[in-house]
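The values are calculated or read from the model by the stated rules, or taken from the named source; none is laboratory data. This one's a predicted model, so the numbers in the text were calculated from it and none came from an experiment. Positions of Cβ are generated from backbone atoms using ideal geometry, with glycine treated the same way; all protein chains shown enter the neighbour counts.
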């Protein structure tokens, strides 16, 4: 066996911290320290990462079930590093903005750390099976976080999310088993590198049923229309740190999986079943977008908006060319950061006012200017204003999608469905551009209702954003702006991973 | 080197010795009997590692075999019996309260001794390859269970459970014997090895008769493993029986039943004309069991009853594995699943006993607020529930994964799809316990739940094993037969 990958420590640090908290360490201090250490460790690893070399680095492998080709393989390439950065950064921010609950704060922090360990493990796994297993590590902590410390109709939300996610993940598991069984007998493995190598040499038949299982399995986890209904409810009820981690990082798992596994292995099935996926994407962007406009509470609105934005990433995946896939990967990062800030600020507002109804709020930017300013930044980033990373990624998705699928296949699509000389994927891209207008409507409206207008007397003494939460939010905004001006840094990191996995 | 049959003989001798010790008052404390029994069974367990080859006379007569499978299950049964006895010691106060006695404590000694005899019967079952032998071993098990289920004489539900188990058990025995006579009538044999040799030679005109006999035997064994539609006794009996006995029924009796099922079906799978029909029957049984067990478990509020339905549901997954037996890995998948099932079911029952003692009942609502009362116990129960539901990083997940993999490989897509739906409903009813422990407030004036030392050691070991095997299942797969 090769040497131990340093990535293992990224997974172990939150786990060890969780055990320490369980054994009686000071929960908040230990969690903060562990997540800060993790982010630093990741940055150190990233600086050692050789971007010029293709393929996974820091690889180590350990057999788990050799009979079925399951190995505990850790490794990272550019795309994984982007996701790992997202995971560790959002974890640190989530722990920083968390307010210790009155009782059982241990369980609260343990749950957060477990989710963090799960996502880091998933994004650092090269083995598809372990990738799946790590994702499920978050299932029970989410159930507990929403059920115990949630707000509103938390019990229903927790049940719904858990049942949806569990069912979705078992559908996904069937898809993965199918992917395993498609491989030639005697040469089967869950190793992603092995699978892609087989797919390139044509040894894995392009089976549409397995693709559908994977699509709907991953899709349920990513709140693909019409399997999205668990998400807004769960995010609205979840405590802010849980919503940040879940909507910001955990949900990206499904799309990451689609880009990583389905795109290289099932290009023909994706092509053949494109109309179905496109209809669902339009549902995600337009239908959910209009539903978002209709929301009267900030938390449900953010929940729906995060569902809506998944549509763009799906579009990038469906177009299946390098530009659109790169855009989709960048969007994983940008949306994760944006939604994390928005949920953090949403939690801060709830903490101060006790309500998130638009009708009751108003004018609080006068009392809390810093909170208002950060929310403005985050809202703009969510809409996709130039200067933020969201703009670069949306632009790449749209450009990529408008060009459409690789040329050798495009001929069929054009013949199949053509509206005003636009092929179907171009029509959907136009709908998606209209989606930006929709998100501008609801984001600006929310901003106006909450922060603008006359300040009611009862909100005049609200404390402003301060302390650790402020540092966390400012840092996240800083990252978004930085990559917004220099997206090329990320593109250089991600594209090799997509071209030559 | 020990002659294999010495194992069972020494278990029986141990049981007789304990009976005598109780009768002649060698010990004042009844629980000492349990410790002696545990010690004796542990010695036998160690003995299983020093087994010599089967003696010649047994080999020739062919009614008693010792192979990897039977040895594995002998250890399986011994471990479950030891765990049952550990649980029984914990359960003793409840037994003494519910058993009428002239002197305090009288009449509770057999509670520790009967499982030893059951253990001997189960061990014989694992080695039995002759229908007569299977029948005798099965009866030894079942009859000792009749007494144990109805042990709490002051508890109406225990008596009711005993009666139900007796009547339905006797009925299933009738089916078994009748099935055996049909086999004997058509093949002239009761030995499974001999039947396998004779089967291809049986004229086609006699095939319906053999199938009829097979159907009868399947009914009887379906009763033992709690497969639908022969599961009617399970919820009531599980709820009414003393908790350690319920655990014993749920794990050891079911496992031995599955082993016998595998042995009985084996000869028929080799003959093509039976293969398809048998396969169809297994798929149907698995479908019914999965659907019934999981859907009926959803509305349950009593934890023991819930585990009863859950044991039906698990039988469904195991039958799914049997239906996929053509796959190279399926046999090991079934055994792996059973071993994981042992760990998680015993863990759940081991936790249930002190909770019942502390809060006075075994409803799910009695778990309310356990996370605040005893965080450690709640964490262990969380692990058990997660494993029963099939959450990754527990042994239960790998069990389900292996079974699903084998079933997909054999093309049993319908079963797998139904399996997905039932797994989802499983998440719901197992998470109800988690919800009670973590979401609900504890009743006022409820303190920490007291757990005896041995129980807590057992709970700790089982919970750790579930997690270790959930990360690295190879440890167990490596020693599977």
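Answer yes or no as to whether residue B:436 is within 12 Å of chain A (Cβ to nearest Cβ), in contact with a helix residue (DSSP H, G or I) (Cβ under 7 Å, 6 or more places away or on another chain), without any contact (Cβ under 8 Å) to a residue 60 or more places away in the chain and surrounded by fewer than 23 Cβ atoms within 10 Å (Cβ to Cβ).
Details: within 12 Å of chain A (Cβ to nearest Cβ): yes; in contact with a helix residue (DSSP H, G or I) (Cβ under 7 Å, 6 or more places away or on another chain): yes; without any contact (Cβ under 8 Å) to a residue 60 or more places away in the chain: no; surrounded by fewer than 23 Cβ atoms within 10 Å (Cβ to Cβ): yes.
When the stated conditions are applied, residue B:436 does not pass them.
Look at residue B:402 and say whether it is more than 7 Å from chain A (Cβ to nearest Cβ) and touching a residue at least 60 places away in the same chain (Cβ under 8 Å). Steps first, answer last, please.
Working: more than 7 Å from chain A (Cβ to nearest Cβ): yes; touching a residue at least 60 places away in the same chain (Cβ under 8 Å): yes.
Answer is yes for this residue.
Assuming residue B:163 fulfils every condition listed in (1) assigned to a helix (DSSP H, G or I); (2) closer than 22 Å to residue B:302 by Cα; (3) in contact (Cβ under 8 Å) with a residue 24 or more places away in the chain apart from one, which condition is it?
(3)
Right, residue B:132: surrounded by fewer than 23 Cβ atoms within 10 Å (Cβ to Cβ) and over 26 Å from residue B:3 (Cα atoms) or not? Please lay out each step first, then the result.
Working: surrounded by fewer than 23 Cβ atoms within 10 Å (Cβ to Cβ): yes; over 26 Å from residue B:3 (Cα atoms): no.
Spelling it out, it is not the case that residue B:132 is surrounded by fewer than 23 Cβ atoms within 10 Å (Cβ to Cβ) and over 26 Å from residue B:3 (Cα atoms).
In this structure, is residue A:177 facing chain B (nearest Cβ under 10 Å), buried (at least 23 other Cβ atoms within 10 Å of the Cβ) and over 20 Å from residue B:430 (Cβ atoms)? Spell out how you get there, then give the answer.
Details: facing chain B (nearest Cβ under 10 Å): yes; buried (at least 23 other Cβ atoms within 10 Å of the Cβ): yes; over 20 Å from residue B:430 (Cβ atoms): yes.
Yes, satisfied.
So which residues in segment B:96-112 are surrounded by fewer than 24 Cβ atoms within 10 Å (Cβ to Cβ) and part of a helix (DSSP H, G or I)?
The answer is B:96, B:97, B:98, B:110.
For the structure I just gave you, tell me whether residue B:442 is under 23 Å from residue A:148 (Cα atoms), surrounded by fewer than 22 Cβ atoms within 10 Å (Cβ to Cβ), within 12 Å of chain A (Cβ to nearest Cβ) and at pLDDT below 90. Break it down into steps so the answer makes sense when it comes.
Values: under 23 Å from residue A:148 (Cα atoms): yes; surrounded by fewer than 22 Cβ atoms within 10 Å (Cβ to Cβ): yes; within 12 Å of chain A (Cβ to nearest Cβ): yes; at pLDDT below 90: yes.
Criteria met by residue B:442.
Is segment B:137-151 home to any residue that is in contact with a strand residue (DSSP E or B) (Cβ under 8 Å, 6 or more places away or on another chain) and without any contact (Cβ under 8 Å) to a residue 24 or more places away in the chain? Can you show your working first?
Filtering segment B:137-151 down to residues in contact with a strand residue (DSSP E or B) (Cβ under 8 Å, 6 or more places away or on another chain) leaves B:137.
If we keep only those that are without any contact (Cβ under 8 Å) to a residue 24 or more places away in the chain as well, we get B:137.
Scanning segment B:137-151 turns up at least one residue that is in contact with a strand residue (DSSP E or B) (Cβ under 8 Å, 6 or more places away or on another chain) and without any contact (Cβ under 8 Å) to a residue 24 or more places away in the chain.
Output the residues belonging to segment A:158-174 that are more than 7 Å from chain B (Cβ to nearest Cβ), within 14 Å of residue B:431 (Cα to Cα) and crowded, with 24+ Cβ neighbours inside 10 Å.
A:158, A:161, A:165, listed by residue number.
Out of all the residues in segment A:441-463, which are touching a helix residue (DSSP H, G or I) at 6+ places or on another chain (Cβ under 9 Å) and in a loop (DSSP other than H, G, I, E, B)?
Residues of segment A:441-463 that are touching a helix residue (DSSP H, G or I) at 6+ places or on another chain (Cβ under 9 Å), as a first pass: A:441-447, A:449-452, A:458-459, A:462-463.
Residues satisfying the conditions are A:452, A:462, A:463.
Report the residue count in segment B:439-455 for those that are without any contact (Cβ under 8 Å) to a residue 24 or more places away in the chain and under 12 Å from residue B:86 (Cβ atoms). First the steps, then the outcome.
From segment B:439-455, those without any contact (Cβ under 8 Å) to a residue 24 or more places away in the chain are B:439, B:444-445, B:453; that's our starting set.
When the remaining residues are screened for being under 12 Å from residue B:86 (Cβ atoms), the result is B:453.
The number of residues fulfilling the criteria is 1.
Check every one of the helices (runs of 4 or more DSSP H) wholly within segment A:118-200 and list those with 3 or more residues that are more than 18 Å from the chain's Cα centre (by Cα) and under 30 Å from residue A:353 (Cα atoms).
Values: elements: A:128-136, A:139-149, A:154-182, A:192-200.
Counting at least 3 such residues, we get A:139-149, A:154-182.
With respect to the numbered conditions (1) surrounded by fewer than 24 Cβ atoms within 10 Å (Cβ to Cβ); (2) within 13 Å of chain B (Cβ to nearest Cβ); (3) in contact with a helix residue (DSSP H, G or I) (Cβ under 9 Å, 6 or more places away or on another chain), which one is the sole condition not fulfilled by residue A:102?
It fails just one condition, (3).
Of (1) within 10 Å of another protein chain (Cβ to nearest Cβ); (2) at pLDDT below 90; (3) crowded, with 23+ Cβ neighbours inside 10 Å, residue B:421 satisfies all except one. Which?
Going through (1) within 10 Å of another protein chain (Cβ to nearest Cβ); (2) at pLDDT below 90; (3) crowded, with 23+ Cβ neighbours inside 10 Å one by one, residue B:421 breaks only (3).
Restricted to segment B:329-376, and to residues that are within 14 Å of chain A (Cβ to nearest Cβ) and closer than 17 Å to residue B:457 by Cβ, which residue is surrounded by the most Cβ atoms within 10 Å (Cβ to Cβ)?
Taking the candidates together, the pick is B:374.
Could you check segment B:447-474 and list, in sequence order, the residues that are part of a loop (DSSP other than H, G, I, E, B) and either within 10 Å of chain A (Cβ to nearest Cβ) or surrounded by fewer than 16 Cβ atoms within 10 Å (Cβ to Cβ) (or both)?
Filtering segment B:447-474 down to residues part of a loop (DSSP other than H, G, I, E, B) leaves B:447-452, B:472-473.
Passing the criteria: B:447, B:448, B:450, B:452, B:472, B:473.
Does residue B:381 satisfy the criteria of being buried (at least 23 other Cβ atoms within 10 Å of the Cβ), without any contact (Cβ under 8 Å) to a residue 60 or more places away in the chain and over 17 Å from residue B:314 (Cβ atoms)? Walk me through how you get there before you give the answer.
On the way: buried (at least 23 other Cβ atoms within 10 Å of the Cβ): yes; without any contact (Cβ under 8 Å) to a residue 60 or more places away in the chain: yes; over 17 Å from residue B:314 (Cβ atoms): yes.
The answer is yes for residue B:381.
Can you name every residue in segment A:330-357 that is more than 27 Å from the chain's Cα centre (by Cα) and in a loop (DSSP other than H, G, I, E, B)?
Result: A:354, single match.
For residue A:212, only one of the following conditions fails: (1) out of contact with any helix residue (DSSP H, G or I) (no Cβ under 6 Å at 6 or more places or on another chain); (2) within 28 Å of residue B:427 (Cα to Cα); (3) away from chain B (no Cβ under 14 Å). What is its number?
Tallying (1) out of contact with any helix residue (DSSP H, G or I) (no Cβ under 6 Å at 6 or more places or on another chain); (2) within 28 Å of residue B:427 (Cα to Cα); (3) away from chain B (no Cβ under 14 Å), residue A:212 fails exactly one: (3).
Any idea which of (1) under 23 Å from residue B:303 (Cα atoms); (2) over 22 Å from the mean Cα position of the chain (by Cα); (3) more than 9 Å from chain A (Cβ to nearest Cβ) is the one residue B:380 doesn't satisfy?
(2)
All but one of (1) surrounded by fewer than 20 Cβ atoms within 10 Å (Cβ to Cβ); (2) touching a helix residue (DSSP H, G or I) at 6+ places or on another chain (Cβ under 8 Å); (3) at pLDDT 90 or above; (4) within 27 Å of residue A:329 (Cβ to Cβ) hold for residue A:85; which doesn't?
In the conditions (1) surrounded by fewer than 20 Cβ atoms within 10 Å (Cβ to Cβ); (2) touching a helix residue (DSSP H, G or I) at 6+ places or on another chain (Cβ under 8 Å); (3) at pLDDT 90 or above; (4) within 27 Å of residue A:329 (Cβ to Cβ), residue A:85 misses (1) alone.
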